Amino acid sequence: MPRPRIALITGANRGIGREVARQLAQDHGLHVLLGSRDLIKGEEAARERPNARAIQLDVADPKSVARAFEQISQEVGRLDVLVNNAGIDYDTDQRASIADLTRVRRAFDTNLFGAWDVAIAATPLLKKGLSPRLVNVSSGAGALTGMGGGTASYGISKAALNALTIKLAAELRSDRVLVNAVCPGWVATDMGGGGRPIPEGAKGVVWAATLPDTGPTGGFFRDGNRIDW
């Protein structure tokens, strides 16, 4: 009997992360670990699926990341999928020329350095995984092509996350880890504030998390279609 695939989704207690966890568990049969800064909210979300479990994980806190991965290493010993979904501060009210850099640094701590810290911690476990996949949930706001003003911390941090995606994909190619960035589009989450339904935005993330071994790596996608960096 084949072993169940294990996925960790950060920021999974609400929004896109919660829906990605639901789709991976319900539609693809994965066992999902719901990374949540607030463990109680994560446990509430995990009760929706029998093959889901919450784990306390604040990606902006290195100590929390270390504790979470020590727990995963001891209890599971591998990862097949990592979805770096946690993100903050869609700052449409900020401009780069007058930005509050304290706020910018806080956004980078989650949107870039948090994802980077989690990727580093997850890499040894992904190398032990079955058809391992790493998905960075990015945004068209981070695309250099057509980039304009506004959303200073969010857009620039997502551009940096895209660069990290390319680096990780190149370095992990020989270990069979497919690494891609996905823009879910403008989605009706608490942060997005409008747009298309959450399940539609989550589908593109799930697509990248369940790619076949012949699938792409080092790309930027929306709804399964490659988009410009």
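The values are calculated or read from the model by the stated rules, or taken from the named source; none is laboratory data. Treat the numbers as computed from the prediction; the structure is a model and nothing was measured. Backbone-built Cβ (ideal geometry, glycine too); neighbour counts: all protein chains shown.
Couple of notes before you dig in:
- A residue that is under 14 Å from the mean Cα position of the chain (by Cα), hydrophobic (A, V, I, L, M, F, W, C) and either over 23 Å from residue 101 (Cβ atoms) or at pLDDT 95 or above (or both) can be found somewhere in the stretch 137-156.
- Selection of first residues in the stretch 13-37 that are at positive phi and of second residues that are among the acidic types (Asp, Glu) and surrounded by fewer than 24 Cβ atoms within 10 Å (Cβ to Cβ), restricted to Cβ pairs under 8 Å at least 6 apart or on distinct chains, gives the following pairs, ordered by first then second residue: 15/190.
- Residue within the stretch 100-112 that is within 16 Å of the chain's Cα centre (by Cα), part of a loop (DSSP other than H, G, I, E, B) and modelled with pLDDT of 95 or more present: no
- Scanning the stretch 7-31 for residues that are within 15 Å of the chain's Cα centre (by Cα), of a type in the set (A, V, I, L, M, F, W, C) and closer than 18 Å to residue 132 by Cβ gives 7, 8, 9, 20, 21, 24.
- Residue list for the stretch 1-13, filter: at pLDDT 95 or above and among the basic types (Lys, Arg): 5
- Subset of the stretch 113-132 that is in a loop (DSSP other than H, G, I, E, B) and of a type in the set (Gly, Ala, Ser) - its residue that is farthest from residue 202 (Cα to Cα): 129
- Any helices (runs of 4 or more DSSP H) falling wholly within the stretch 1-91 and containing at least 1 residues that are among the β-branched types (Val, Ile, Thr) and in contact with a Pro (Cβ under 9 Å, 6 or more places away or on another chain): 15-28
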